[in-house]
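The values are calculated or read from the model by the stated rules, or taken from the named source; none is laboratory data. Note that the coordinates shown come from a computational prediction; the quantities given were computed from them, not determined experimentally. Backbone-built Cβ (ideal geometry, glycine too); neighbour counts: all protein chains shown.
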Amino acid sequence: MTQASRPLRADAARNRARVLRVAYETFAAEGAGVPIDEIARRAGVGAGTVYRHFPTKDSLLRAIVADRMRQVIERARAEAEADPGEGLYAFLFLMAEQGVSDLGFTDALAGTGFDLAAALPDAEREFMGVVADILAQAQRAGAVRSDLRAADVKTLVVGLQAMRRFRGDDGLMRRMYDVVRAGLAAPGSSPAGTGSNDEE
């Protein structure tokens, strides 16, 4: 058995799990710019412990973002299966809300300080594949316009996240979600609003 394949000792496994948890919470709250030494301090371990498990900050970010990507993909698939017509909208607005709750993942999607496509090409491809599937289901259901592409959806996600992160009070975001729905709706369809001022 090689050193690389040898299972971690119990204390080492606990340290790794603690570092990942603290790093996830820190990057979610403050973005990906937090130094790795600060992650170690908050986790209550030495910087050397972090570097043994994650030799670079990018390797730590990759581990966190890969896990978040898996969660997002699972959630997106579930939304689309529950309602193909509404799945794309549910996905868009769920992702937008992460603009304030998960800054690290938001930074990764936007390519801010972390090149997602270069660091995790398989995860990026799977993510875009799921976006394409959700979009296709919504288009077949007649819920969104037929000329929309998966890359357009990702651009919308990044833009909505930025708006939610920096300017988005709840009232403004409800209005913007209605605007997005109206802009994406297939001709002749009647997109439902989010309830902000539909009857005013």
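Of all the helices (runs of 4 or more DSSP H) wholly in the stretch 1-95, which have at least 1 residues that are surrounded by 19 or more Cβ atoms within 10 Å (Cβ to Cβ) and within 14 Å of the chain's Cα centre (by Cα)?
Details: elements: 10-30, 36-43, 47-53, 57-82.
The helices (runs of 4 or more DSSP H) meeting that bar are 10-30, 57-82.
Name the pairs whose Cβ atoms lie under 9 Å apart, with the first residue in the stretch 120-140 and free of Cβ contacts under 8 Å to residues at least 40 places away in the same chain and under 15 Å from residue 155 (Cα atoms), the second outside any helix (DSSP H, G or I) and not small (Gly, Ala, Ser), and 6 or more positions between them or separate chains?
132/149
How many residues are part of a loop (DSSP other than H, G, I, E, B) and either within 13 Å of residue 131 (Cα to Cα) or not β-branched (Val, Ile, Thr) (or both) when one looks only at the stretch 96-112? Lay out the reasoning, then the answer.
Quick first cut of the stretch 96-112, residues part of a loop (DSSP other than H, G, I, E, B) only: 102, 111-112.
Add one more test, that the residue is either within 13 Å of residue 131 (Cα to Cα) or not β-branched (Val, Ile, Thr) (or both), and what stays is 102, 111.
Number satisfying all stated conditions: 2.
Looking at the stretch 24-37, I want the residues that are at pLDDT below 85 and have a partner that is surrounded by fewer than 18 Cβ atoms within 10 Å (Cβ to Cβ) and assigned to a helix (DSSP H, G or I) with Cβ atoms under 9 Å, at least 6 apart or on another chain. Which pairs are those?
Matching pairs, first to second residue: 28/101; 29/101.
Starting from the stretch 172-190, keep only residues that are at pLDDT 90 or above, then list their pairs with residues that are acidic (Asp, Glu) and not in a helix (DSSP H, G or I) whose Cβ atoms are within a distance under 9 Å, requiring at least 6 positions of separation or different chains.
Partner pairs satisfying both residue conditions: 178/198.
Pick out the one residue from 108, 141 that is modelled with pLDDT of 90 or more and surrounded by 16 or more Cβ atoms within 10 Å (Cβ to Cβ). Outline the logic, then answer.
Details: 108 fails: modelled with pLDDT of 90 or more.
Residue meeting the stated conditions: 141.
If you take the residues of the stretch 165-177 that are touching a helix residue (DSSP H, G or I) at 6+ places or on another chain (Cβ under 9 Å) and assigned to a helix (DSSP H, G or I), which of them is surrounded by the fewest Cβ atoms within 10 Å (Cβ to Cβ)?
Ranking the candidates gives 166 first.
How many residues are under 16 Å from residue 85 (Cβ atoms), touching a helix residue (DSSP H, G or I) at 6+ places or on another chain (Cβ under 8 Å) and assigned to a helix (DSSP H, G or I) when one looks only at the stretch 132-164?
Going residue by residue through the stretch 132-164, those that are under 16 Å from residue 85 (Cβ atoms) are 133-146, 148, 153.
Applying the additional criterion that residues be touching a helix residue (DSSP H, G or I) at 6+ places or on another chain (Cβ under 8 Å) yields 133-135, 137-138, 140-146, 148, 153.
From the residues that got through so far, the ones that are assigned to a helix (DSSP H, G or I) too are 133-135, 137-138, 140, 153.
Qualifying residue count for the region: 7.
Please find, among 90, 76, 96, 80, the residue that is of a type in the set (A, V, I, L, M) and without any contact (Cβ under 8 Å) to a residue 12 or more places away in the chain. Spell out how you get there, then give the answer.
On the way: 76 fails: without any contact (Cβ under 8 Å) to a residue 12 or more places away in the chain; 96 fails: without any contact (Cβ under 8 Å) to a residue 12 or more places away in the chain; 80 fails: without any contact (Cβ under 8 Å) to a residue 12 or more places away in the chain.
When all the criteria are applied, what remains is 90.
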